[in-house]
Amino acid sequence: MADGTETESRKLLGRLREEMASEAAGQERLDRITHLIADSMRSEVCSIYLFRDEDTLELCATEGLSPEAVHKTRMRMGEGLVGRVAKSGKVVNTADAPSAKGFRYMPETGEERFSSFLGVPVQRLGEKLGVLVVQSREAREFSADEVYALEVVAMVLAEMAELGAFVGEGAALSPLHQQSVQLTGGPAQEGSAEGHVWLHEPRVVVTNPIADDPHRERERLDEAVEELRVGVDKMLEISRGGDTEQLQVLEAYRMFANSKGWMRRMEEDIARGLSAEAAVEKEQSQARARMEQVTDPYLRERLADLDDLSNRLLRILTGQGKTDSADLPPDPILIARNIGPGDLLEYGRALKGIVLEEGSVGSHATIVARALAIPLVVHVGRITTEALNGDHILVDGDNGVVHLRPEDTVVSAFRDKMAMQTKAQERYASIRETPTVTQDGVRINMTMNAGLMADLPSLNNSGAEGVGLFRTELQFLIRNQMPKRSELVAQYKRVLDAASDKRVVFRTLDIGSDKVLPYMKHVEEPNPALGWRAIRVGLDKRGVMRMQLQALIRAAEGRPLTIMFPFVAQADEFREARWEVKKTIERERRLGHVLPETLDVGAMLETPSLAFAPQKFFDEVGFISIGGNDLKQFFFAADRENELVRRRYDTLNVSFLSFIERIVERCTISDTPLSFCGEDAGRPVEALCLAAMGIRSLSMRPASIGPVKSLLLRSNLQEVRKIIADARHRGEQSVRPAVMDWLRAQS
Ligand code: PEP
Ligand code: MG
């Protein structure tokens, strides 16, 4: 394209379209395309490199390099100039390739004769497919216009690849989305599931990347953008007077929808021969590539907004992507980049499994998935680009592994494992009504954690002796506005009705840190986990606390009531909160409401400071429950939400177990009931060691009760205590190896 005109570019795209329509097979088509591009760009060389696996590129077609090198020359991601383009997702344009950074001489290609090099990534919506290269003998940098033209061609190649235009022999030409892949992420809810992919946001397929009437395409783009703008304005209208943060997001949306730069780039793409949807997708792909490089959270969010807008625009232009849950495949496994708790609840128990590209172990979607006992794997890179609706998929929530389009051998091994799990479930069901008494006669109270109405059926079918932790904030988190007191009364009543005479420990609102209410003013804090959260918010915002206490008292309707305050760091916080309970009781009495039959008010021990409170506090408090998730993160100074450090320190670390023992001693002196309600209570070996340290009440996810009980029933706590004491005496850091050896010897 020596003159760099748009007409020239359109001509090339027109010829590419003819290629797409031709009968040619994958390899032949690729060969003809390299010839077309070299000819049109007036360059001696044009080569197409495609990925043969995640990390290796293969020369798949060339005009100008040695034909013997095709399917032989390979390079790793980041290796040589081609690898550099693939890795960075950025263009490399140089007049003197042999002296450019990263150049690697490949004798089989005979490329040393070529001086200038222009490589552009072939990518589709963040999915890297390959690299398109032109080279020429003359030492010159390619003009901006030529770079742009090659990017447009690369975009069309990406669409053609997606449509299966290059399928041929060998790994690099194997059809996309048909190979079986195994992806690994983080386990967030255990269990295994087999089913079919259901994409929360399905991929839009652009079947017509090239168009020959730019005027018509511009009109289509303008109409779609207008529809998008009207939609955003409507959302803004509805949100006025509402939450300011949501408004800010929508304002940012509107800014993008009206962004001249964005429009201009898409119009230029169209002028060069792309269809309106291909132009939207090209800009979106590039924005996604930029997003990968940006670390600033504000900028990332803005780029994510743009991505979201582009998706909406693509759906308007193609009419695709409007899915209906009525179309769910059999045994649906939900795949999403991320999902909010509200959306997840809408799918509810229809889902067999969930796989998220992002997500986090402590997020609310995770909490909901756990409550619904749906196997969940998070942090599964590439899952939304690899999976197609309806694909066969296996989810291993115990190990955080996902098999997409699995081979038969993997399927049969997986089914065997699932059958074993079913057997274990049957065993747990058989001990459901058996009280948990260890071999040396110690009775352990087994209760469950809950927070959603969906948890209530578990009260009966898990064998829980009560609810040791009811996380009341979950009801607040899954809504768009503050619930009314009357709604809370109705909910708490349902919980107490379902529990019948079993005890329910209602924990007051535990918000802040990672639990952000969408309708409450968000406060920017440098360290939210150490910030304004839980009881600290309650004491500063008495109105909300009072409303919740009233709702609890009214829901009890004369039945026993147990209230627990979260995150108490010093005795006075508890005293103030309990005083608030007393005042509320007084008020309810005056208003003529029936008062609870008994009232038990306790505190969660989640900061080391409370363990060292004056003995008087232990005498005063109704009961204590150790919130191990928080306590551990402060004890070890390791953020529970941070994947880099989350698993660094073991619960069975001698220091931590000694600390737990110390808390047990303090509670024993004052006869204060003590329980443990963090995640560790639901892990059999951890629970066993906690019991050995003297914890007599454990609260955990309902699904954990069977496995924990089963181990406790066959263990002797005295022996475990001795194993721990010996390991400590030997100066070991963690008692895990010693305890595991002992357990193995037992079985
Ligand atoms: C804990 O911190 O251990 C706990 C049970 O509370 P949450 O996980 O809700 O913070
Ligand atoms: Mg906590």
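A few points about this structure:
- The H on the amide N of G466, modeled in the peptide plane, is under 5 Å from the matching H of M448, each at least 5 residues off or on a different chain.
- Ligands, DNA and RNA aside, K632 has an accessible area near 40 Å² when probed at 1.4 Å.
- Here the Karplus relation 6.51 cos²θ - 1.76 cosθ + 1.60, evaluated at θ = phi - 60°, turns the backbone of region 113-122 into coupling constants of 6, 9, 8, 8, 9, 10, x, 10, x, 9 Hz, with x for every Gly and Pro.
- These residues, Y519, Y492, go from largest to smallest accessible area, 1.4 Å probe, as Y519, Y492.
- Of the residues E719, E227, E8, the one with the largest accessible area comes first in the ranking E227, E719, E8, computed with a 1.4 Å probe on protein heavy atoms.
- Two-decimal ratio, region 608-747, of alpha-carbon radius of gyration to 2.2 N^0.38 Å: 1.04
- Converting phi to 3J(HN,Hα) with the Karplus coefficients 6.51, -1.76 and 1.60 and the offset θ = phi - 60°, region 215-230 yields 5, 5, 5, 5, 4, 4, 5, 4, 4, 5, 5, 4, 4, 5, 4, 4 Hz in sequence order, with x at every glycine or proline.
- Cross-link reach list, lysines versus K234, counting only Cα pairs under 24 Å and skipping chain neighbours closer than eight places: K260, K322, K521
- Charge context of I669, other residues only, Cβ under 12 angstrom, K/R +1, D/E -1: 0
- Histogram of C-alpha separations across region 26-115, 5 Å bin width, %: 3, 14, 23, 28, 23, 9, 1
- Within a straight-line Cα-Cα reach of under 18 Å, K582 can be paired with the following lysines, leaving aside sequence neighbours fewer than 8 residues apart in one chain: K541.
- Size of electric dipole in the chain: Cβ of Lys, Arg +1 and of Asp, Glu -1, about Cα centre, debye, nearest 20: 3200 debye
- E665 contributes about 90 Å² of solvent-accessible surface, heavy atoms of the protein only, 1.4 Å probe.
- Percent of C-alpha pairs per 10 Å bin in region 430-746, short distances first: 6, 26, 35, 24, 8, 1, 0.
- Principal axis dimensions, the chain - Cα atoms, whole angstrom, descending: 89, 63, 46
- Mean residue ellipticity (222 nm) of the chain, computed from DSSP H runs ≥ 4 via -39,500 (n - 2.57), nearest 500: -14000 deg cm²/dmol
- Protection proxy ranking, peptides 288-295, 379-386, 464-471, average beta carbon neighbours within 10 Å, highest first: 464-471, 379-386, 288-295
- Surface composition of the chain: carbon plus sulfur atoms hold 50% of the accessible area, using a 1.4 angstrom probe and ignoring ligands, DNA and RNA.
- Unit charges at the beta carbon, dipole of the chain: most positive-side option, I316, A69, F612: F612
- Cα pair distances exceeding 15 angstrom across region 410-450, given as percent: 62 percent
- Rg followed by Dmax, in Å, when region 324-480 is reduced to its Cα trace: 17.7, 56
- Legend: translational diffusion of region 429-540 by Stokes-Einstein, Rh = Kirkwood radius over C-alpha pairs, 4 °C, 1.567 mPa s; D = 81 µm²/s.
- When you filter the chymotrypsin sites (Phe, Trp or Tyr not before Pro) in region 592-677 for DSSP loop state and at most 12 other Cβ atoms inside 10 Å of their Cβ, you are left with F612.
- Coarse-grained scattering of region 3-167 at q = 0.08, 0.10, 0.20 Å⁻¹, given as base-10 log I(q)/I(0) from a Debye sum over alpha-carbon atoms: -0.20, -0.31, -1.43
- Mean Cα-pair separation over length for the chain, i.e. relative contact order, pairs under 8 Å, 6 or more apart, %: 10 percent
- Rounded to 5, percent antiparallel among DSSP beta bridges of the chain: 55 percent
- For region 92-246: rounded, prolate or oblate by the Cα gyration tensor [a/c cutoff 1.5]: oblate
- The figure for K128 is an accessible area of roughly 60 square angstrom, using a 1.4 Å probe on the protein chains alone.
- Only alpha carbons enter this Debye calculation for region 129-172, each as an equal point scatterer, and the log10 of I(q)/I(0) it gives at q = 0.16, 0.18, 0.20, 0.31 Å⁻¹ is -0.56, -0.66, -0.75, -1.15.
The values are calculated or read from the model by the stated rules, or taken from the named source; none is laboratory data. The model shown is predicted, which means the values in this text are computed figures rather than measured ones. We place every Cβ from the backbone using ideal geometry, glycine too, and count neighbours over all the protein chains shown. For accessibility, only protein heavy atoms count, side chains too; no ligands or nucleic acids. Shrake-Rupley method; radii C 1.70, N 1.55, O 1.52, S 1.80 Å.
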